Amino acid sequence: VQLQASGGGLVQAGGSLRLSCVVSGRRDSYNTMAWFRQAPEKEREFVAVIARTGTTIYSDSVKGRFTISRDNAKDMIYLQMNSLKPEDTAVYYCAEDAGGIRPGYTRASRYDHWGQGTLVTVSS
(Lines give C-alpha, C1' and ligand atoms only; values in the text may rest on other atoms or scores of the structure.)
Protein backbone atom coordinates (compact mmCIF):
# COMPACT_ATOMS: atom_id res chain seq x y z
CA VAL A 1 0.00 0.00 0.00
CA GLN A 2 1.34 3.43 -0.94
CA LEU A 3 0.07 6.86 -0.01
CA GLN A 4 0.94 10.13 -1.66
CA ALA A 5 -0.03 13.48 -0.21
CA SER A 6 -0.19 16.77 -2.07
CA GLY A 7 -1.64 20.25 -1.90
CA GLY A 8 0.58 21.99 0.61
CA GLY A 9 1.90 25.48 0.11
CA LEU A 10 2.26 28.97 1.52
CA VAL A 11 -0.87 30.79 2.61
CA GLN A 12 -1.63 33.85 4.70
CA ALA A 13 -3.35 33.56 8.05
CA GLY A 14 -7.09 33.28 7.56
CA GLY A 15 -6.68 31.59 4.21
CA SER A 16 -7.55 28.10 3.04
CA LEU A 17 -5.86 25.07 1.53
CA ARG A 18 -7.03 21.63 0.52
CA LEU A 19 -4.75 18.67 0.92
CA SER A 20 -5.20 15.44 -1.01
CA CYS A 21 -3.93 11.93 -0.48
CA VAL A 22 -4.21 9.06 -2.93
CA VAL A 23 -3.99 5.44 -1.78
CA SER A 24 -2.78 2.73 -4.10
CA GLY A 25 -2.18 -0.96 -3.77
CA ARG A 26 -5.11 -1.77 -1.50
CA ARG A 27 -7.65 -4.34 -2.66
CA ASP A 28 -10.53 -2.92 -0.67
CA SER A 29 -11.44 0.40 0.89
CA TYR A 30 -12.32 -0.94 4.33
CA ASN A 31 -9.73 1.14 6.05
CA THR A 32 -9.34 4.12 8.31
CA MET A 33 -7.57 7.20 7.00
CA ALA A 34 -6.07 10.00 9.01
CA TRP A 35 -4.11 13.19 8.79
CA PHE A 36 -1.28 13.99 11.15
CA ARG A 37 1.07 16.94 11.22
CA GLN A 38 4.52 17.64 12.52
CA ALA A 39 5.93 21.07 13.22
CA PRO A 40 9.68 21.64 13.56
CA GLU A 41 11.08 20.14 16.75
CA LYS A 42 7.68 18.80 17.78
CA GLU A 43 6.16 15.34 17.84
CA ARG A 44 3.79 14.17 15.16
CA GLU A 45 0.30 15.30 16.10
CA PHE A 46 -3.09 13.83 15.26
CA VAL A 47 -5.31 16.11 13.19
CA ALA A 48 -8.32 14.13 11.97
CA VAL A 49 -9.50 10.63 11.11
CA ILE A 50 -12.21 9.22 8.88
CA ALA A 51 -13.60 5.71 8.71
CA ARG A 52 -14.82 4.08 5.53
CA THR A 53 -18.36 4.74 6.73
CA GLY A 54 -17.64 8.46 6.89
CA THR A 55 -17.39 8.75 10.66
CA THR A 56 -14.98 11.57 11.48
CA ILE A 57 -13.09 12.70 14.57
CA TYR A 58 -11.03 15.86 14.91
CA SER A 59 -8.46 17.17 17.29
CA ASP A 60 -9.65 20.09 19.39
CA SER A 61 -7.11 22.39 17.76
CA VAL A 62 -8.68 22.07 14.29
CA LYS A 63 -12.31 21.30 15.07
CA GLY A 64 -14.62 23.68 13.24
CA ARG A 65 -11.88 24.81 10.84
CA PHE A 66 -10.75 21.63 9.10
CA THR A 67 -12.84 19.02 7.32
CA ILE A 68 -11.66 15.53 6.44
CA SER A 69 -13.43 13.66 3.67
CA ARG A 70 -12.89 10.68 1.43
CA ASP A 71 -13.88 9.39 -1.97
CA ASN A 72 -13.79 5.60 -1.75
CA ALA A 73 -14.34 5.19 -5.50
CA LYS A 74 -11.16 7.17 -6.18
CA ASP A 75 -9.19 5.95 -3.14
CA MET A 76 -8.68 9.55 -2.12
CA ILE A 77 -8.91 11.46 1.12
CA TYR A 78 -8.92 15.21 1.55
CA LEU A 79 -8.31 17.77 4.26
CA GLN A 80 -10.02 21.09 3.71
CA MET A 81 -8.31 23.63 5.93
CA ASN A 82 -10.01 26.97 6.53
CA SER A 83 -9.22 29.91 8.79
CA LEU A 84 -5.61 28.85 8.88
CA LYS A 85 -3.38 30.11 11.67
CA PRO A 86 0.41 30.39 11.87
CA GLU A 87 0.39 27.58 14.42
CA ASP A 88 -1.00 25.26 11.73
CA THR A 89 2.36 25.44 9.99
CA ALA A 90 3.71 21.89 9.73
CA VAL A 91 4.38 19.00 7.43
CA TYR A 92 1.08 17.18 6.98
CA TYR A 93 1.01 13.42 6.57
CA CYS A 94 -1.77 11.09 5.53
CA ALA A 95 -1.88 7.68 7.14
CA GLU A 96 -3.80 4.45 6.72
CA ASP A 97 -4.88 1.75 9.12
CA ALA A 98 -6.59 -1.39 7.86
CA GLY A 99 -10.02 -1.82 9.40
CA GLY A 100 -12.20 0.55 11.36
CA ILE A 101 -11.31 3.27 13.84
CA ARG A 102 -9.69 1.56 16.82
CA PRO A 103 -8.63 2.70 20.28
CA GLY A 104 -5.47 4.71 20.07
CA TYR A 105 -6.41 6.32 16.77
CA THR A 106 -4.63 9.53 17.80
CA ARG A 107 -1.29 7.71 18.05
CA ALA A 108 0.94 7.61 14.99
CA SER A 109 2.03 4.08 15.92
CA ARG A 110 -1.51 2.86 15.22
CA TYR A 111 -1.15 3.43 11.47
CA ASP A 112 0.49 1.01 9.10
CA HIS A 113 1.18 3.14 6.06
CA TRP A 114 2.20 6.75 5.58
CA GLY A 115 2.48 9.27 2.81
CA GLN A 116 5.60 11.33 2.30
CA GLY A 117 4.20 14.54 3.77
CA THR A 118 3.33 17.90 2.31
CA LEU A 119 4.45 21.22 3.81
CA VAL A 120 1.90 23.81 4.86
CA THR A 121 3.23 27.22 5.82
CA VAL A 122 0.89 29.86 7.22
CA SER A 123 2.28 33.37 7.39
CA SER A 124 1.05 35.97 9.86
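The values are calculated or read from the model by the stated rules, or taken from the named source; none is laboratory data. These figures come from a predicted structure and were not determined experimentally. Note that each Cβ is placed from the backbone with ideal geometry, even for glycine, and that neighbours are counted across all protein chains shown. Calculation scope for accessible area: heavy atoms of the full protein, side chains included, ligands and nucleic acids excluded. Shrake-Rupley method; radii C 1.70, N 1.55, O 1.52, S 1.80 Å.
Some points to look at:
- Taking all protein chains as they are arranged and a probe of 1.4 Å, the heavy atoms of Lys74 leave approximately 130 Å² accessible to solvent.
- Check: the chain dipole with +1 on Lys, Arg Cβ and -1 on Asp, Glu Cβ, in debye: 200 debye
- When you count the other C-beta atoms within 10 angstrom of each residue and take the mean per peptide, 40-46, 96-102, 112-118 line up highest first as 112-118, 96-102, 40-46.
- Rounded accessible area per residue of segment 36-121, 1.4 Å, Å²: 51 Å²
- Portion, in percent, of the accessible area of the chain that falls on carbon or sulfur, probe 1.4 Å: 46 percent
- The aspartates and glutamates whose alpha-carbon is closer than 15 Å to the alpha-carbon of Lys63, local same-chain residues fewer than 8 away aside, are Glu45, Glu87, Asp88.
- Solvent-accessible surface ranking, highest first, for Tyr105, Tyr30 at 1.4 angstrom: Tyr30, Tyr105
- Extension reserve of the Ala98-Ile57 stretch, reckoned as 0.36 nm per residue once the Cα distance is removed: 13.1 nm
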